[in-house]
Each structure stands twice: as C-alpha cells, then as structure tokens.
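Undergrad: I have a structure here, written as structure tokens, and I will follow up with some questions on it.
The values are calculated or read from the model by the stated rules, or taken from the named source; none is laboratory data. In this text the structure is predicted, and so the values were computed from the model without any measurement. Using ideal geometry, Cβ is built from the backbone for each residue, glycine included, and neighbour counts are taken over all protein chains shown.
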Amino acid sequence: MIQPNTLPAPSTYRNERNYPFCPGCGHGLILNQFNAALMKLGLDPTRVVIVTDIGCQGLGDQYFATHAFHGLHGRSIAYATGIKLADPDLTVIVIMGDGGTGIGGAHLLNAARRNIGLTVLVFNNFNFGMTGGEHSVTTPPGGVTATTRAGNVERPLDVCATVAVNGAGYVWRGTAFDRDLADIIAEAVRSESFALLDIWELCTAYYVPNNEFSRKSLEATRTALGMAAGVLHREDRPEYARALRGAEGQRSRGAEEKPLRPRAFPALFASTLDHEFRFVIAGSAGGKVRSTAKMIGEAAILSGLWAAQQDDYPVTVQTGHSTSELIFSPREILFTGVTRPDALVLVSEDGRRMAGRYLKALTPESWLFVTPEFAGLETPARKVVFDLDAAGIKGSKKNLGLLMAAAALRRLEVFPIEAVAEAIRRGSRGPVTEENLEVLAMSAAVNGS
Amino acid sequence: MREFIDGATAIARGALDAGCDFFAGYPISPATPLLLHMIRELPKVGGVAVQAEDEIASISMCIGAAMTGARALTATSGPGISLYSENIGLAIMGEVPLVIVDAQRLGPATGGATTPGQGDVQFVRWSTSGGFPIIALAPSSVAECYSLTRRAFDLAERLRIPVFLMTDKEMFLSMSTVEVGSYEHPPVGDRIRVEVLPHGTPGLRPEETFLPYRFDPIDAPPAFSPVGGPHITRFTGSSHDEHGMLTKDPAKVGRLNEHLRRKIEDHADELVMVNADLQEDARTLLISYGITARAMCEAANIARDGGQAVSTLTVQSLWPVPEDALTGALCGPSCQGTIERVIVAELNLGDFRREVERVIYRWAAHARRIAPEIVGINRVDGELITPGQFLETILT
C-alpha cells in the first residue's frame, strides 16, 4: 500500500529551478502535469523517487523536490526494479524517452511481465532530441530524421501493445496536451502495478522542423498507424516486489538456523596414510561420479585426513564424461590438480576417453580399477578387473561409480570403508541414503582379478 | 573439526555474514552456484535475491537496491563482466557500494565455460570508460573466499566503490578441506551515514537537509542517506556538484574526478593485501595469486626441502597493486636485495606481470639499481599451472 502522507501535502513537488527545455518542447508540459498528479496524490516527497536515464527528458528529475536517481541510457527500469525490490512501499516513477525505450527494450518487456510496481512515463517525441535528431524505435513511417534522410522505412514499435500483451497492469496512450494527463498519471500510480503511459509530444528542435510536424500531426499519425488512445489495458495481477517477498517469506518460514553454517566432520576413524594419495574416478554424466567423490572426500575427513575434489565435465551436464579427482592427505593440500593418479577407477567408455592423460601417467606403483570391458587395457599399473556379473550384481549403471570406487577403496585401505558409510548417512536422508548404503554393502562382494 | 566445502559456498556464507541482503544475477558458468545459494538463502534472512533478464539488469538492480541502503552482491564470469561494463562506471561515478564476484573462465568470448582462467585481471581494472580505479581482491584458498568476501563488503561499504572478488572455476567449484576454526572474520564496516544540516544552512537548496555528494577531505567518501529515506537525495551518473546536480564547472568536475581517484589511491596502504613468505639469500621470487598461488606454495615447499632458498609473494589485492610489497619482496627479509629473478605465474597471457614489470622497472630506474629479470609462467589451455612447472622454471 502507498503510505498516506501524515504531513500536509506540499503545495508543489517542483523545486525552484526552471526547466532547460527548448521553446515549444513537450517535456515541460508533461512534467507540469506530473507535478499536478503528485499534488493530487499528496505523497510524502521523501517516499517518492524519480528514476531517469539519458535524453532531454532525463534531465527532468532535477526539477523536483523528491528523491532522484539519474542513471545510464535505457536502464532506468532496471534501476527502478532494484529500488522497488529493496523498498516495495516506495513510489517509484520512471521517466524515459523513446530512445531509452528502444535500447532498454529487454528491461521494458520483463518489467511488464513481472508486473513490478513502477509508473513509467514514456516521453515519446519520435526521435533523439539530445544527440541531434536521430530516429528512434517510435519514429513514424516516412519520418525524416538525421539518420533517416529519405524517410523512415522501419515499422514503429507499438509500446503500449507490447507491454499490454506481456502483462502490464495499466497502459495508456495520449499526448502531452491532454487535459486529463495529471489524473491519468495519478490513476497509474494508484494502480500499484506496472503502469506505462506512452505520451506523444513535440520535439521542436528536430522532429517538428524536419517533418512539418505539429500538434495536429500527433493525432493524424496515431490514426494512420491504427494505434488507439486512452486507457488501453488494465490487468489485476500481484505486484512483483511484494509477491516475490511474500512467496519467498512463505518458503523460508520455519528456517530457524542461520543459513549455510559449516557441516563439520569429526575424525571418527583413523588412517595411516603418510603422503598425498590421488584417486581419480572417470565415468559418465548421470553416473553419480561427483556425488560419489564428495562422499569419499567426506569419508577421508571423517578419517582425520584432508581431502580435495576437483571435477571435470562438459557444458552439457547430462551427457558425456564426468571425472572427479580426489586427493587425500595427512596435511593441508595446496595444489589441487592431479597429473599422476595413485589410483584410477574407470567406470565407463566416456570416462576412458577422457582418462588418456591419467592412463599415460600411471606407473608400476599405481592402481588401475576397471570393468571387464577394459580388461585388455595395456598399462604398467597394477590392474584390477572387477567382475560384477560374477559377484551377482545387476545394478543400474548409475550406481557403478560408487560401487567401483567403494570396491577400490576396500582394496586400497587408505581409510576404513565404514567412514564412507558414515559420510553417506551424514550426507542425506531417505531413499537415496538407503540405496547408497546398499551399494556400499554390495561392493564387499566384488572380487578383483 | 573440518568441513568439505567449495569456494562458492564460502563466498555465499561470507556475504550473508557481511550483512548482504540483495542479490541479482544471471546464470552463467561457472558463477551460477552463487546465484543458486543466494536465491535459496537470502529470503531466510529477510533479503531479496532475483534472477534478472540479463547481466545489464543484474548490476543495474544491484545499484538501485544499494542506493536504498541494501548491501548488494552480484556474480558472473568474464562474458558477464563485459555486459556489466557501463554500470561499473555508474557505480564508480555514483559511489555505489557493490561487491562483484568474477568466477573467471578461460576466454576470449565464450571461451571455456567450464575451464579455469585468470584472464580478467586487467579487464576488471579497465572495464569501463574513463580509467578510474576500482578494488579487486583474489582469494587463494576456500577459507579466504570467506574472509575476503567479508573484506570486499567492508571496503565497498566504507569507500562506496565497486569491489571485485576474483576467483576462477576451480577455486569456485572445487571442494577443499577447511579447519572450521581457521576462518578469519575481518570486521565489516558501514557507510558513513548522513550528517543532517538544519534547513536554511547556507549552500543548501530549499528541499535539502544534506548534500549527497559533499566530500571533505577530498579522499573521503561522501556521507550516505538512502533513496526513500528522510533526507531528499539525488543519485547521478553525470559529472555533478555536491547536490548531485549536473555540472560542467571545471573546478567542480575536476575536484570530483580527483576525489574518485584519490579515495582509492591515497589509501592504497590500507587496501593492499599480500602474503609474503620471504627467505634470506633467495635469488628467486615467485609471485602469484588465486588458484595458481597454491601450486606456487607447494613448489616453494619442495624447492626448500631440496635445500634451495626461494621467496614467494601471494597477492590478495590485485587492485590496488601492492607496490611497496612488490619492491619490498625484492629486498628480502633483511633488505639485502639478493633477488635476481622474478617469476610471475598466472592463467593468462601476463596480466599481472605487466604490473610487476611496471613497479619493479620504475623502482629500479628510481633507485639506479639493476632490475631483476622478470619472467612469466602462463597457461591458457584450460589446465592449472602445476608445481612441476614452477620447479622447472626455478631451475632453468
């Protein structure tokens, strides 16, 4: 709700400064009507902010005794969105031109879609007045500007239709000369929705002389383009800043604990490891490689070690390879990369394809754990082929990473396998935990040759 | 007790502990996990987190929110910094407290979205028009991801300046073991709040009870009052006077731009951060930062175990450049000046080496000394620089 002003409403929201606009320019007319609207609304001036960007109309905020935010070209709606999200009860007015409407098109569309409670006044004079009369997204067909010397051949943007079809709460089109403009602006603010007023006006410096344009031309142009005037759209939807806070507040209710506190792992188990040990799992995306590695890393910490985990995967996360490099150490680990694994677990063909550099680096002291499909791999390492069929295991592929890593850890005895079970129990609750514990138990039956 | 944690989580925790209450971001690898953390966690502390329509809107929303008094954070990777560019300038000019996390990936363009890089070091310094300074910090451990995030908020708030936190894909996403009790908790200060002036004070406009851009002395940030607060305030990206009104008066514009420079440069001594590990008789000085500093420290340990003296300098404040620490490291712990060779290692084409060369060559020219040889270890193939690469370079 807009907070009622407890103080007497000011007799004007204008300050003592005079407008800087050209003779006959529409900007002053609109700003006067805007001032009249603020007087009708009687708002506390300290609870009103005018957000502007670049263009002659963007100078407008300097003539009001309210808060003002003057930003970069076309971004006023985005600044205003941040302001409104942070302070939803503030009355936020955006003053922008047809230039800003074009360059800030994405912000316009998304603000309408969200229905964030801003009142947007588009000072639409069909060209860039500040930089020398270049064409804008609203220049009418045939309009002569500095950059459309033979007449504009681009179709003008229907600003109102664009925001209306995308969910704006209040949409109006008219001119700077409309007598009811102050009432319309006040109504738009009261709608407490994304309200956009497309206000057509005259640029006497450029568009008027270049096109023999006049006040009468405004209506003729509008009619020729088939664009209607008046209140074109009203829609009652939740206002975004409050809706977002409401929804998130609902969701986070009952969150008592301070978020993201450390999940500390006590050293419940022991390890005799006296040097860094590098353990690499190379498998496929969707094969729980990374989550397996995380559980194993936690198990190492539960065994009094330090652990590091570095993953690699393509940008498409559900397909291709997934590899995790783990380091266990009795000391703090500095460099987290792995060039030569002490143990490499090959889970799938995707993993093998990515494991070339690891395979090349293996020595007779290294371990290589593979499924029977890779039994023929030539390697100087101690190769262990896990025959899962012989162990009577017919699990889905997704658990193969955990199964093989666990079987490898049983063989390596870097730390107790019970630490992995403890890490699984601490990591999650429910069916996944049960499934992982089951897989871990199954790994006891896996024999390597 | 130890935890298993990645840099993104440590940064999110640091932000929450620093009082962050606004986040806007746009999904991009590898920065997305921070967006997800903030979307999940900020509502729990009464804050707002939002996914914006693009990076331009992300930083714009943060700037708007920050000027209502919020402590704002955004996160992206190099391609997103490209889109932040214009508004980084606005944050400098409007004196907006803002923390920007850059989870660097390999460039240029789309580059390697899931590969680490450190190629944004010069980019963030010169990312916007005008050439005005910013602050950039680079954590070289997950524990520092936490503490330097707090530090970033502290500096952003107190100096009213955008502060970059420079990480990379590996630091951001890889899991490390951290001793829970070892986290440092640097204090997080607040903006200087407004000094209210009685109506009718000479120099005030009728609606004003304070001057939003009055800074005195020239190197101090102006006092703050929020948009929507009890004192009518003006924010602007244009050259402005102390009222926040557009001006072309050369005296006022000159003083403003001098102020924007000096509030960083005059305080460089308080802003710079390094971790110097210097050895007597070392002839080689290794310099690095971020993820690459970890390989450097491991290499130094190995070299020292092998009986070779070597000094290391881990740079935590990339901007401002820790100039005195760089020249001080050349002189060693007892200022004997034995360093003959400086090795600067980074995952780029030599971004920070330029600064090392600038500082050391200028120092040498000034002191009429022979500058040490300065060489780089650089890697842009998506792999990390290894301790082995350092050792090879030390020995050649």
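Undergrad: With A:Ala146, A:Ala106 as the choices, which residue is surrounded by fewer than 24 Cβ atoms within 10 Å (Cβ to Cβ), among the hydrophobic types (A, V, I, L, M, F, W, C) and either within 14 Å of A:Cys203 (Cβ to Cβ) or in contact with a Cys (Cβ under 9 Å, 6 or more places away or on another chain) (or both)?
TA: A:Ala146
Undergrad: Is it the case, given these coordinates, that A:Pro209 is assigned by TED's automatic domain parsing to the domain that holds A:Gly97, within 28 Å of A:Ala111 (Cα to Cα) and surrounded by fewer than 17 Cβ atoms within 10 Å (Cβ to Cβ)? Outline the logic, then answer.
TA: On the way: assigned by TED's automatic domain parsing to the domain that holds A:Gly97: yes; within 28 Å of A:Ala111 (Cα to Cα): no; surrounded by fewer than 17 Cβ atoms within 10 Å (Cβ to Cβ): yes.
Spelling it out, it is not the case that A:Pro209 is assigned by TED's automatic domain parsing to the domain that holds A:Gly97, within 28 Å of A:Ala111 (Cα to Cα) and surrounded by fewer than 17 Cβ atoms within 10 Å (Cβ to Cβ).
Undergrad: Condition first: assigned to a loop (DSSP other than H, G, I, E, B), among the β-branched types (Val, Ile, Thr) and in contact with a helix residue (DSSP H, G or I) (Cβ under 6 Å, 6 or more places away or on another chain). Can you find one or more residues in the range B:335-342 that meet it? Before the answer, list the steps.
TA: From the range B:335-342, those assigned to a loop (DSSP other than H, G, I, E, B) are B:335-340; that's our starting set.
Right, trim to among the β-branched types (Val, Ile, Thr) and you get B:338-339.
Within this subset, residues satisfying the condition of being in contact with a helix residue (DSSP H, G or I) (Cβ under 6 Å, 6 or more places away or on another chain) are B:339.
Looking through the range B:335-342, at least one residue is assigned to a loop (DSSP other than H, G, I, E, B), among the β-branched types (Val, Ile, Thr) and in contact with a helix residue (DSSP H, G or I) (Cβ under 6 Å, 6 or more places away or on another chain).
Undergrad: Now for a different question. Give me a count of the residues in the range A:51-69 that are buried (at least 24 other Cβ atoms within 10 Å of the Cβ) and of a type in the set (A, V, I, L, M).
TA: The total comes to 3.
Undergrad: Somewhere in the range B:214-226, is a residue farther than 30 Å from A:Leu302 by Cβ, at pLDDT 95 or above and within 12 Å of chain A (Cβ to nearest Cβ)?
TA: Yes, the range B:214-226 has at least one match.
Undergrad: Take the residues in the range B:92-112 that are out of contact with any strand residue (DSSP E or B) (no Cβ under 8 Å at 6 or more places or on another chain) and more than 27 Å from B:Val253 (Cα to Cα); name whichever of them is nearest to the other protein chains (Cβ to nearest Cβ).
TA: Once the filter is applied, the top-ranked residue is B:Thr110.
Undergrad: Looking for whichever is farther than 30 Å from B:Asp154 by Cβ, out of contact with any strand residue (DSSP E or B) (no Cβ under 9 Å at 6 or more places or on another chain) and not hydroxyl-bearing (Ser, Thr, Tyr) here; the options are B:Gly382, B:Gly376, B:Gly307, B:Gly350. Which one fits?
TA: B:Gly307
Undergrad: If you don't mind, there's one more thing I want to ask. Looking at (1) at pLDDT 95 or above; (2) within 11 Å of chain B (Cβ to nearest Cβ); (3) in contact with a Ser or Thr (Cβ under 9 Å, 6 or more places away or on another chain); (4) part of a loop (DSSP other than H, G, I, E, B), which is the one condition that is false for A:Ser271?
TA: With respect to (1) at pLDDT 95 or above; (2) within 11 Å of chain B (Cβ to nearest Cβ); (3) in contact with a Ser or Thr (Cβ under 9 Å, 6 or more places away or on another chain); (4) part of a loop (DSSP other than H, G, I, E, B), A:Ser271 is out only on (2).
Undergrad: Of the numbered conditions (1) farther than 15 Å from A:Phe123 by Cα; (2) assigned to a helix (DSSP H, G or I), A:Ala182 fails exactly one; give the number of that condition.
TA: Unmet condition: (1).
Undergrad: I've got another one for you. Please state which of the following conditions A:Glu16 fails to meet, knowing it meets all the rest: (1) facing chain B (nearest Cβ under 9 Å); (2) crowded, with 20+ Cβ neighbours inside 10 Å.
TA: (2)
Undergrad: Every residue in the range A:165-194 that is under 14 Å from A:Leu109 (Cα atoms) and free of Cβ contacts under 8 Å to residues at least 40 places away in the same chain, please.
TA: Across the range A:165-194, the qualifying residue is only A:Val165.
Undergrad: Please work out which residue is surrounded by the fewest Cβ atoms within 10 Å (Cβ to Cβ), limiting yourself to the range A:280-325 and to residues that are away from chain B (no Cβ under 13 Å) and closer than 24 Å to A:Thr433 by Cβ.
TA: Only one residue fits best here, namely A:Gln318.
Undergrad: Something else: Restricting attention to the range B:291-315, which residues are surrounded by 20 or more Cβ atoms within 10 Å (Cβ to Cβ), within 12 Å of chain A (Cβ to nearest Cβ) and either closer than 11 Å to B:Ile343 by Cβ or not basic (Lys, Arg) (or both)?
TA: B:Ile291, B:Thr292, B:Ala293, B:Ala295, B:Met296, B:Cys297, B:Glu298, B:Ala299, B:Ala300, B:Thr312, B:Thr314
Undergrad: On to the next question. Among the numbered criteria (1) surrounded by fewer than 21 Cβ atoms within 10 Å (Cβ to Cβ); (2) in contact with a helix residue (DSSP H, G or I) (Cβ under 9 Å, 6 or more places away or on another chain), which single criterion is violated by A:Gly226?
TA: Single failed check for A:Gly226: (2).
Undergrad: While we're on this one: Considering each of B:Asn378, B:Asn348 in turn, give the residue that is more than 15 Å from B:Leu278 (Cα to Cα) and touching a residue at least 60 places away in the same chain (Cβ under 8 Å).
TA: B:Asn348
Undergrad: Take A:Leu157 and decide whether it is of a type in the set (A, V, I, L, M, F, W, C) and part of a helix (DSSP H, G or I). Spell out how you get there, then give the answer.
TA: Working: of a type in the set (A, V, I, L, M, F, W, C): yes; part of a helix (DSSP H, G or I): no.
Spelling it out, it is not the case that A:Leu157 is of a type in the set (A, V, I, L, M, F, W, C) and part of a helix (DSSP H, G or I).
Undergrad: Taking the conditions exactly as written (more than 13 Å from the chain's Cα centre (by Cα) and not assigned by TED's automatic domain parsing to the domain that holds B:Glu346), does B:Val121 satisfy them or not? It would help to see each step written out before you state the result.
TA: Numbers: more than 13 Å from the chain's Cα centre (by Cα): no; not assigned by TED's automatic domain parsing to the domain that holds B:Glu346: yes.
Judged against the criteria, B:Val121 is not a match.
Undergrad: B:Ala143 - would you say it is within 14 Å of chain A (Cβ to nearest Cβ), over 17 Å from B:Ser77 (Cβ atoms) and among the small types (Gly, Ala, Ser)?
TA: yes
Yes/no matrix, rows are residues, columns are (1) surrounded by fewer than 21 Cβ atoms within 10 Å (Cβ to Cβ); (2) more than 29 Å from the chain's Cα centre (by Cα):
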residue: B:Ala220; (1), (2): yes, no
residue: B:Val227; (1), (2): no, no
residue: B:Ser239; (1), (2): yes, no
residue: B:Asp249; (1), (2): yes, yes
residue: B:Arg262; (1), (2): yes, no
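Undergrad: Do you know which of the residues in the range A:329-355 that are of a type in the set (Val, Ile, Thr) and touching a residue at least 40 places away in the same chain (Cβ under 8 Å) is nearest to the other protein chains (Cβ to nearest Cβ)?
TA: Ranking the candidates gives A:Ile333 first.
Undergrad: Only residues that are more than 13 Å from chain A (Cβ to nearest Cβ) and aliphatic (A, V, I, L, M): list them for the range B:146-171, please.
TA: The initial filter retains those residues of the range B:146-171 that are more than 13 Å from chain A (Cβ to nearest Cβ), namely B:147-148, B:150-167.
Hits for the range B:146-171 are B:Leu148, B:Ala152, B:Leu155, B:Ala156, B:Leu159, B:Ile161, B:Val163, B:Leu165, B:Met166.
Undergrad: Give me the residue from the range A:407-444 that is β-branched (Val, Ile, Thr) and closer than 25 Å to A:Val385 by Cβ and, out of that set, nearest to the chain's Cα centre (by Cα).
TA: A:Val420
Undergrad: Going residue by residue through the range B:353-371, is there one that turns out to be in contact with an Asp or Glu (Cβ under 6 Å, 6 or more places away or on another chain), of a type outside the set (A, V, I, L, M) and at pLDDT 95 or above?
TA: Start the filter on the range B:353-371 by keeping residues that are in contact with an Asp or Glu (Cβ under 6 Å, 6 or more places away or on another chain), which leaves B:359.
With the extra rule that they be of a type outside the set (A, V, I, L, M), the set shrinks to none.
Within the range B:353-371, not a single residue is in contact with an Asp or Glu (Cβ under 6 Å, 6 or more places away or on another chain), of a type outside the set (A, V, I, L, M) and at pLDDT 95 or above.
Undergrad: Related question: Does A:Arg242 satisfy the condition of being among the charged types (D, E, K, R) and part of a loop (DSSP other than H, G, I, E, B)?
TA: Against the criterion (among the charged types (D, E, K, R) and part of a loop (DSSP other than H, G, I, E, B)), A:Arg242 does not qualify.
Undergrad: As an exercise: evaluate B:Pro139 against (1) crowded, with 24+ Cβ neighbours inside 10 Å; (2) in a helix (DSSP H, G or I) and give the number of the one condition it does not meet.
TA: (2)
Undergrad: Looking only at helices (runs of 4 or more DSSP H) that fall completely inside the range A:351-449, which ones have 3 or more residues that are crowded, with 20+ Cβ neighbours inside 10 Å?
TA: A:400-412, A:417-427, A:431-442
Undergrad: Name the helices (runs of 4 or more DSSP H) wholly within the range B:1-91 that hold at least 3 residues that are more than 10 Å from every other protein chain (Cβ to nearest Cβ), more than 17 Å from the chain's Cα centre (by Cα) and under 23 Å from B:Gly117 (Cα atoms)?
TA: B:32-41
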